[in-house]
Each structure stands twice: as structure tokens, then as C-alpha cells.
1. Take segment A:112-128 and flag every residue that is closer than 12 Å to A:ILE96 by Cα and not hydrophobic (A, V, I, L, M, F, W, C).
2. Which numbered condition in (1) within 14 Å of chain B (Cβ to nearest Cβ); (2) within 19 Å of B:GLU182 (Cβ to Cβ); (3) modelled with pLDDT under 95 is the only one that A:GLY14 fails?
3. Quick one: A:MET228 ticks every box in (1) surrounded by 16 or more Cβ atoms within 10 Å (Cβ to Cβ); (2) touching a residue at least 24 places away in the same chain (Cβ under 8 Å); (3) among the hydrophobic types (A, V, I, L, M, F, W, C); (4) farther than 19 Å from A:THR345 by Cβ except a single one, so which number is it?
4. Of the residues A:ASN23, A:ASN68, A:ASN8, which is touching a strand residue (DSSP E or B) at 6+ places or on another chain (Cβ under 8 Å) and in a loop (DSSP other than H, G, I, E, B)?
5. Within segment B:121-180, can you find the residues that are aliphatic (A, V, I, L, M), farther than 30 Å from B:LEU202 by Cα and assigned to a helix (DSSP H, G or I)?
6. Going by what's in this entry, would A:GLY58 be described as assigned to a loop (DSSP other than H, G, I, E, B), closer than 19 Å to A:LEU156 by Cβ and more than 13 Å from chain B (Cβ to nearest Cβ)?
7. Every residue in segment A:294-316 that is loosely packed, with under 14 Cβ neighbours inside 10 Å and among the β-branched types (Val, Ile, Thr), please.
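The values are calculated or read from the model by the stated rules, or taken from the named source; none is laboratory data. Everything numeric in this text was worked out from a predicted model, so none of it was measured. In this analysis, Cβ positions are derived from the backbone assuming ideal geometry, glycine residues included, and neighbour counts consider all displayed protein chains.
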Amino acid sequence: MATLSLRNLVKAYGTTEVLHSINLDVAEGEFIVLVGPSGCGKSTTLRMVAGLEEVTSGEIEIAGRIVNNLEPKDRDIAMVFQNYAIYPHMSVRKNIGFGLRTSKMPKPDKEARIDEVAAILGMTDLLNRRPAQLSGGQRQRVAIGRAMVRDPAVFLFDEPLSNLDAQLRTQMRLEIKKLHQRVGSTIVFVTHDQVEAMTMADRIVIMKDGHIQQVGTPQDVYQTPANMFVAQFIGAPSMNMLPGTVRDGRLNIASMTDIAFPFTAVDGYDITMGIRPDDLRIGGEGTPLFEATVSVLEPLGSETLVYADIGGHEVIARASGRTPPALGDRVTLVANPEEIHFFDTNTGEALR
Amino acid sequence: MTDIRASSETLLDTRAPVKRDYTQYIRWLLLFGGGLLMIMPITYMLSTSFKWPHEVYNLNLIPEEPTLDNYIHVLEDGRFFRWFINSLIIAVITTISNVLFDSLVGYTLCKFKFRGRYIIFIAILSTLMIPTEMLVIPWYLMSQSFGWLDSYWGIMFPGLMTAFGTFLMKQFFETVPDDFIEAARIDGLNELQIWWTVAMPLVKPALSALAIFVFLGNWTAFIWPLIVTNSQELYTLPVGLTTFSVEQQVEWELIMTGAALATIPTLIVFLIFQRYIIRGVVMAGLKG
């Protein structure tokens, strides 16, 4: 267990800068998830922490020690790769024990450590098998075991669940979370899947184009997104965004609705209103916001996603699975004022 | 029951007759012809090795009076055994050397990014276009300068590493995901350990194919060993066999007997590694 700090971390390939002054402090034992779309720099950040990519400028500190110029093996980290990277020519025991090859630990202690890790991961019966004889989930567990066996200061996970099917991914997600609760290590986990980020992280770091957009707990980033990108990236289906203009101190959207907002803005100011589908209901309690026409229905069983048209803008709302509206119905969409988000349309920043 | 069978038979009877694919016969015929062409020299070699000298120019496949005398003669001649050992030493050492050094260079060119990497690779590849006959004179002059003439080292040095082997291994290492290498790097192995413990076992088929190519190439090498050696003790088997035709007359039955015996190690090597050689050739083709 250790702290991890990134200070003004920059990565450039030639003249192209791909990571722009990243600053991040990870507490001891914290589970932090870097999330963002492809090319946002999350994997590059992780690989720089691992020592697999050179740092262009800035500092990486692990357990109070600057590690910029240290070899990966000297950084006291372990990494789990997307493709598992377990060696097909070695048994599970040898794969798990691989991380101890260079350790000066006596052989019986090494064996005991391998057995201990295998027991934690429920792989004791599989120790003599080859990777080809294992399922995807088991292989990923071997990869985790190889990382665990060295008891590193920081665990790095590079999209480790992307190659698994949906059911297995959910299961492994839970297992990794349990594992973290059990061993309490500092973990940096990279994913492009916001559900993984939300369900596993103590804190989420949302990245885009080499910049950190927001750092916060899953609740923070969901309930108070810092900008439009975060608001739309976190949550599925993503937040409804309705651009409007201020007229007489009220927000005019789709030239049909006047909405009060809790701050002052000059006339002609462009504001985008954001509201999550979860918070937009059809009828019932709350402030009526829009009159809309139901255009598409997506029944999910317990609830139904309702796609509705508001003067040319499509929004998604949720309705009960038992009494959904019919196609073409005119409905009133309601929401609580505190569940509505406002963003500066030009900068994308949240207005509070 | 009877009714059902009857109806099913009726169904069978009404089926259109299967159209025969005659091109298949043509293909078999061509393959048979090709096979025959390839097997003829080997058959004659074996046949001649069991013939008496007076029967050598008789083209019948089955000797009229088969004899083992040629084999006894060749095996009792101490020189044959010496040449056999010479060839074996040279083929084994060059094979080990190629497997190690070609893969080391191939691995470096494939997995390390450094300035001039591509130029080095092209330079190595370009040597494939120079025929051995052109290289023989420079090799000879080098051997002379270094004092390697008429020595094992002189016979072996041009073949200790090959451009083809380097190319083959580089292409195979491309198939080894970088994650394996990086995982090992994080686990604390140095670059040489990573190459040996992680990368090499993952390219075993290529190593086997390369081993076969190099072994066969050196086992049958003729021109260079002939040029660089003077003393009969250092002759390799193919060079030594020619003495049967120089010293006395052309003793075809002895040459064929020696050649038949010389094919045994190559057959053994091939039979052991054949599944790898096929895979190796196919993969080298795909990657190349």
C-alpha cells in the first residue's frame, strides 16, 4: 500500500503533446479509476506510472519516492494487462510465481506465497493447468494472481475486463472489488466503460483529450458533473441536453418553455439544460417542464425508456414498465428543480 | 416398417446421380507424376548402393545380384566415419549458433525501437540477394587473412548467422504480443532473461523450422567446404564422397552408398520436426 502522486505530468510524441499537465493524488489504499473515451490518455498515464512510457516532463511519486528515472521493476508496482499476458508455455503455478523469479525469497516461502494467492483467488485446484485449459475469467484471475504475489505498493489495471463477455465482466468486477476490500492495496484501474468506473471506484478520474475533466467520487461525478462532457459520459442513457437562450431572466428552450434557474444571466446568454433520463418522469410529482410527443418506446421490463420529441429535440425519459405511454401520446415531462443541471453552452462548464 | 423402408428406397432411387469431378483425377495424376519425379533419384541411389560395379550402368531398379558389400566397404573405410562426424559437428554447431544469434538479432529488431533499426533490417535483408558463388572469394580471402583455412572454424564461419534466419525470426517475434514482454519487464527480468524465458518459448515452431533449414543446409553444403579445406581429415561428407570419383575411377556404387547413409540424419531430423517445418514454412509465408 502506498500513495501515488502525479505532478504536472506531460507526455509528448515529437511535437504532439498527448497528455497535458496531469495532476492527481491517490491516497493509500484508494481504488481510483481512470475513465474516458479512446485516445483520452488514460492508458498512457498508466503506462507512464508503470515505467513503460517515458515521462516528457513532470513527476511521478510512489510512496514518497520520485520514480521517473526508475526501471519498471524498481517501482514496486504490478500491472494486469488487457490481454492477460500470461505465458502459454507455463503452468498456472509458474505464471503466478513468475513475479517472484527475481525475488530473494527462499523457495519454500515462494511456494507458500503462490499457494496463498491461489487460495485467495480460488485457483488452488488449477495450479498445474496450462492457460490454454482455462476460461477467460480464470486466465484473468491468473494475471491478477501474478500481480498480487509480489505484494506491490500499487496495482495497475489496464482495461483488464475488456476481453470478457458481459456476464463474466460483471462477475470479475465484483471479484476485483472484493479483492481490494480484502487486501486494501492502492489500485489504479483504467477502463473506457463508465459502468465499471462507477461500480468499482472510490474516486473516478474522467479524462478527455489528455486533460482531466473531473476527479470525484462516483456520486460526485454523477450528481454534480463539472462540465457537459462529464455529464454525458457518466450515466446510461446519457444526460438529455437541451440548448436554450436566456430571455427576461428565464431560460427559453425549443422556443416553447420558460424555465427558471437559480442564478442570474444576461439576456441572449446561451445555456444548455441537462437532465438525466432517470430524473425526467412522465407525469406525477415535480415541476412540469415540457409537453412532448412519444416517438419511440424501449421496454426494459421493470421500466420503459420513452423517447419523446420536444419541438425538434429528442429527450429520453423513464416510465414505469407496467403503465408505459403509447406511441404518439402527448405527455407532460416533469422533474424536480434540484435535479436539473445548467451548463454554459459555449464553454461547456457547469453553472452553479 | 416395410412401407417406410420402401419409401426411403424410392427416395434414394430418385436422387440425381452425383456428378463426378474429373479435374480431381487430373490433379492426382499431376501429383503422382511430380511424386514420381522426386522419388526417382532416391530410388536409384538406393538401388545403385546395392549393386555390384559391373551392374551400375544397368538401369534396372532391382539389382540382379543385390549385395551389402558397398555398405561394408564404406563403413569399414575410416574416412567415411570421419567425414560423417565432421559434417555432424559443423551442422550441429551452425544450427545452435543460428537458433541463438538469428533469434537474438530478430528479437532486437522486432521488439526494440532505436534509430536506424529499419535500415539495419533492410541491410540484412539485402544480403539475401547476393548468391553464395559471389561471396566465396571474399570469404576465402578473409579466411586466409585470419588463418582459418583448413579448419572447422573456416568451414563454419560464413554460416554461423544467416540473413534468412534473422528475417524469419523477426517475423515470428512480431506475433508475440508486447504485453508479454512488458509484463516480464515489470516482474523484474532483464532484457536477456525476457528474450530467453518469455519470447523464445513462444516462437518454438519458428526455432524448429529454422533449425531444420540450417541443419539441412549445412549438412549438404558442398562448394564452400570444398574450397576452404585441403586435408581429407577435415572434409565434410558431401566433399568426401567426391573422392570416390577422383582417386580411382568414378565408383558410383560407393558414392550412392555414402549418399544413402548421409540421408539418414536428415531423415531423422525431418521426421522429428516435420510438423514444425510445415507450420514454420506456412507462417513464414504468411508473415513475409
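1. Selection gives A:ARG113, A:ASP115, A:GLU116, A:THR124, A:ASN128.
2. For A:GLY14, the exception is condition (2).
3. Result: A:MET228 passes all but (4).
4. A:ASN68
5. Selection gives B:MET134, B:LEU135, B:VAL136, B:ILE137, B:LEU141, B:MET142, B:ILE155.
6. Details: assigned to a loop (DSSP other than H, G, I, E, B): no; closer than 19 Å to A:LEU156 by Cβ: yes; more than 13 Å from chain B (Cβ to nearest Cβ): yes.
Taking the combined requirement at face value, the residue does not satisfy it.
7. A:VAL296
Residues checked against (1) at pLDDT below 90; (2) over 29 Å from the mean Cα position of the chain (by Cα); (3) within 15 Å of A:ASN240 (Cα to Cα):
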site: A:LEU280; (1), (2), (3): no, no, yes
site: A:THR293; (1), (2), (3): no, yes, no
site: A:TYR307; (1), (2), (3): no, no, yes
site: A:ALA319; (1), (2), (3): yes, no, no
site: A:THR323; (1), (2), (3): yes, yes, no
site: A:THR345; (1), (2), (3): no, no, yes
